[in-house]
Amino acid sequence: MKRIAVFASGTGSNARRLMEHFHHSGKARIVLLVCNKAGAPVLQTAKDFGIETLLLSRESFYESDVVIKTLQEKSIDLIVLAGFLWLLPADLVKAFPQRIVNIHPALLPKFGGKGMYGMHVHKAVVAAGEKESGITIHFVDEHYDEGEHIAQFRCPVLPGDTPETLAKRVQELEHAHFAETVESILTR
Ligand code: GRF
């Protein structure tokens, strides 16, 4: 059975969906949750699912090999970034070629790159007068939001949308499609 590590820093709603999905589908196992924020709610979610957690400092992430070592020890097949904001060090990307997946809350290549995360993305989409937005699920390389696309899902930007109302619609897309897309690439 394929073994997944999920990286998350925030509230972890997507991480929770992933945990629920694979708990029920049994098609893969999430065996590790990597987090860079002490006290993040996602750490408790992982514990509730009996998933081991690794809490990282910036120093341990960028200046030691603790992450790569842990991933290798745990025989991780796929890394899934679900709201993990730090740029991955090049040696980590090299150790897992085409085996790291990210979800971005817009239709890349638009509205991506450094600083384009969370509400910043939805503010920019509304300000640009876009007629549609959505999500991009993609492989990760050494640059923010630039790896090969795996799937995109779209939703309209409606007249009168605020960044908040758009964020909610985009999040629904994330929750509806992320886990199944991850599952589909496990068999690639
Ligand atoms: C999501 O919008 C995802 O696209 C982005 O970070 C956000 C994480 O949200 N990469 P959550 O913590 O899963 O609720």
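Any read-out appearing in this document is the output of simple, stated calculations on the displayed coordinates, not a laboratory observation. Source: prediction; values computed, not measured. Note: ideal-geometry Cβ built from the backbone for every residue, glycine included; neighbour counts use all protein chains shown.
Structure data summary
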read-out	value
Highest-MSF residue in the chain out of ARG99, ARG29, ARG58 [GNM, Cα springs under 10 Å]	ARG58
Most mobile of ALA106, ALA90, ALA167 in a GNM of the chain (Cα contacts under 10 Å)	ALA90
Packing-based exposure ordering (other Cβ within 10 Å, fewest first) of MET119, MET19	MET119, MET19
Dipole-positive endmost among THR45, LEU85, VAL67 within the chain (Cβ charges, Cα centre)	THR45
Antiparallel DSSP beta bridges within the chain, as percent of all bridges there, nearest 5	40
Around VAL31: net Lys/Arg minus Asp/Glu count, Cβ-Cβ under 9 Å	+2
Links that overshoot a 30 Å alpha carbon limit, given the list LYS47/LYS69; LYS74/LYS110; LYS37/LYS69	LYS74/LYS110
Using alpha-carbon coordinates, inclination of helix 13-25 to the longest axis of the chain, degrees	60
Angle between the chain longest axis and helix 163-186 axis [Cα atoms, degrees, rounded to 10]	40
Modelled FRET efficiency - R0 22 Å, LEU186 with TRP86, Cβ distances, 0.05 increments	0.35
Net charge dipole size for segment 92-184 [Lys, Arg +1 and Asp, Glu -1 on Cβ; Debye, nearest 20]	180
Segment 41-96 shape via C-alpha gyration tensor axes, a/c threshold 1.5	prolate
Residue with peak Gaussian network fluctuation, the chain [Cα springs, cutoff 10 Å], from ASP141, ASP77, ASP91	ASP91
Gyration tensor (alpha-carbon) shape descriptor, the chain, a/c threshold 1.5	prolate
